[in-house]
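Peer 1: Pasting a structure below so you can have a look.
The values are calculated or read from the model by the stated rules, or taken from the named source; none is laboratory data. This one's a predicted model, so the numbers in the text were calculated from it and none came from an experiment. When we count neighbours, we look across all protein chains shown, and the Cβ atoms used for this are built from the backbone with ideal geometry, even at glycine.
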Amino acid sequence: MGRPAVPGSTRAPTVPRSTRSVRLRLAVAAVAMVAGLAGCASRPIRPSAGMVDRETSRSFKRAYDAWHSMTTSIATEKLIREARSRCRPLEPLPAGQQVWTWTCRIAYDSRAGSKGVAFYHVRIDPRGCFSARSESFSVAVFERVLGRLSRNPLAYFNACPLQLTGAPPEAPPAARSRPHAAPRSRPALRGYLGPHRPRALPGPLGPP
């Protein structure tokens, strides 16, 4: 316990040693955290071609599901059976905090039996996040729930996957310390009304 202040004295009360120790540890931890964040922000992340292929393929599948949900008002997942993405950089590796531009060709097969090919212009920032824009699809589609034209999720999508931000990959289920943990379930999409076959829309705003 600290020594109490004498009444009438201007001397501040003594801070207990345990309190000073806790304050010191908190200050050191805060400084280390700020330094770590600054170091991560100053070091650009440069993904490999395999990472770009994998992440653009995953993002395309999610965008296709979102497109189907918008145009049919029925939320259904995993409509694309396979999406094969082949990407290559359009320029040498840039120095510093500059955007790296790539081009991607995505060939896809839907579970309904349709096939297609889409081309994307991809921009990867120093954090490892990317944005993909395509002229293979119309910019806008008719959203049935809102009854208006909305941005086509297949024409533009972006993502910040963990694989591109320097985070270590997740251990396989057999290597985890809790082998009997229940597997994670994917969050359900909003507005799910049950299974439904996709229907084509009239005009140029129909499915690709």
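Peer 1: Kindly indicate whether any position in the stretch 67-74 is in a helix (DSSP H, G or I), at pLDDT below 95 and among the aliphatic types (A, V, I, L, M).
Peer 2: yes
Peer 1: Does any residue of the stretch 93-105 turn out to be modelled with pLDDT under 95 and charged (D, E, K, R)?
Peer 2: no
Peer 1: Of all residues in the stretch 106-122, how many are in contact with a Cys (Cβ under 9 Å, 6 or more places away or on another chain) and exposed (fewer than 14 other Cβ atoms within 10 Å of the Cβ)?
Peer 2: 1
Peer 1: Sort through Arg133, Arg148, Arg127 and tell me the only one that's charged (D, E, K, R) and under 16 Å from Phe60 (Cβ atoms).
Peer 2: Testing whether each residue is charged (D, E, K, R) and under 16 Å from Phe60 (Cβ atoms) leaves just Arg133.
Peer 1: Then there is this: Report, by residue number, each residue of the stretch 116-129 that is in a loop (DSSP other than H, G, I, E, B) and among the small types (Gly, Ala, Ser).
Peer 2: Matches in the stretch 116-129: Gly128 only.
Peer 1: So, in the stretch 130-157, exactly how many residues are among the aliphatic types (A, V, I, L, M), assigned to a strand (DSSP E or B) and buried (at least 16 other Cβ atoms within 10 Å of the Cβ)?
Peer 2: The qualifying residues number 2.
Peer 1: Within the stretch 64-88, how many residues are of a type outside the set (Asp, Glu) and surrounded by fewer than 18 Cβ atoms within 10 Å (Cβ to Cβ)?
Peer 2: Number of matching residues: 8.
Peer 1: Could you give every pair whose Cβ atoms fall below 6 Å, whose first residue belongs to the stretch 74-100 and is at negative phi, and whose second residue is modelled with pLDDT under 90 and among the aromatic types (Phe, Trp, Tyr), counting only separations of at least 6 or pairs across chains?
Peer 2: So the pair list comes out as Ala75/Tyr192.
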